[in-house]
Amino acid sequence: MSAEFYINALNKEWMKIHSGLIIDKIKQLETFVMEKTNEYWLLGFENREEPRRWLYDVRIIFTSDFILLEISSHPPSIENTIKEFLTWIRERTIITVNDEDGEVSNW
């Protein structure tokens with residue numbers, strides 16, 4: 001079962017204006033493995049060779065209004081990647097990260 005988190009910018013226009021920059025950053029993340037339409041997949045370095053291993057640990061689904069983080073597994077390399085990504089965004093704009101119930105997350 002995955003957990004979902006929504007990244008919302010206080011300035012709603014920021015994500016629209018900087019969508020290309022955000023996508024470029026996602027693709028530069030160390031655990032980035034694949035792009036599918038508006039989905040970007042991250043895969044941790046831990047246990048990549050295990051049989052039946054999922055093809056991703058996180059799906060980042062980018063829209064012009066918010067970014068959805070769907071986290072299926074969070075080994076240390078994935079946690080570091082998510083922290084890096086969120087720090088990068090926070091250096092550029094004010095965001096909130098909310099869980100699927102709308103509660104503010106510790107991310």
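None of the figures in this text is laboratory data; all of them are computed from the coordinates on show. What you are looking at is a predicted structure, and each value in this text was computed from that prediction instead of being measured. Ideal geometry is used to build each Cβ from the backbone, glycine not excepted, and the neighbour counts take in all protein chains shown.
Would you confirm whether any residue within segment 33-44 is free of Cβ contacts under 8 Å to residues at least 40 places away in the same chain, over 24 Å from residue 104 (Cα atoms) and in contact with a helix residue (DSSP H, G or I) (Cβ under 6 Å, 6 or more places away or on another chain)?
Scanning segment 33-44 turns up at least one residue that is free of Cβ contacts under 8 Å to residues at least 40 places away in the same chain, over 24 Å from residue 104 (Cα atoms) and in contact with a helix residue (DSSP H, G or I) (Cβ under 6 Å, 6 or more places away or on another chain).
Taking the residues in segment 10-46 that are assigned to a loop (DSSP other than H, G, I, E, B) and among the β-branched types (Val, Ile, Thr) as candidates, determine which candidate is farthest from residue 61 (Cα to Cα).
Taking the candidates together, the pick is 31.
Filter segment 16-29 down to the residues that are within 19 Å of residue 80 (Cβ to Cβ) and either in contact (Cβ under 8 Å) with a residue 60 or more places away in the chain or surrounded by 12 or more Cβ atoms within 10 Å (Cβ to Cβ) (or both) and list them by number.
Those that are within 19 Å of residue 80 (Cβ to Cβ) and either in contact (Cβ under 8 Å) with a residue 60 or more places away in the chain or surrounded by 12 or more Cβ atoms within 10 Å (Cβ to Cβ) (or both): 22, 25, 26, 29.
I'm checking my understanding of the structure. Among residues of segment 45-92 that are in contact with a strand residue (DSSP E or B) (Cβ under 9 Å, 6 or more places away or on another chain) and of a type in the set (Asp, Glu), which one is surrounded by the fewest Cβ atoms within 10 Å (Cβ to Cβ)?
65
Where residues in segment 47-60 are charged (D, E, K, R) and in a loop (DSSP other than H, G, I, E, B), which of them is nearest to residue 8 (Cα to Cα)?
57
Give the residues of segment 6-28 that are in contact with a Leu (Cβ under 8 Å, 6 or more places away or on another chain) and aromatic (Phe, Trp, Tyr), sorted by residue number. Steps first, answer last, please.
Step one: of segment 6-28, the residues in contact with a Leu (Cβ under 8 Å, 6 or more places away or on another chain) are 6-7.
Once the filter is applied, which keeps residues that are in contact with a Leu (Cβ under 8 Å, 6 or more places away or on another chain) and aromatic (Phe, Trp, Tyr), segment 6-28 yields only 6.
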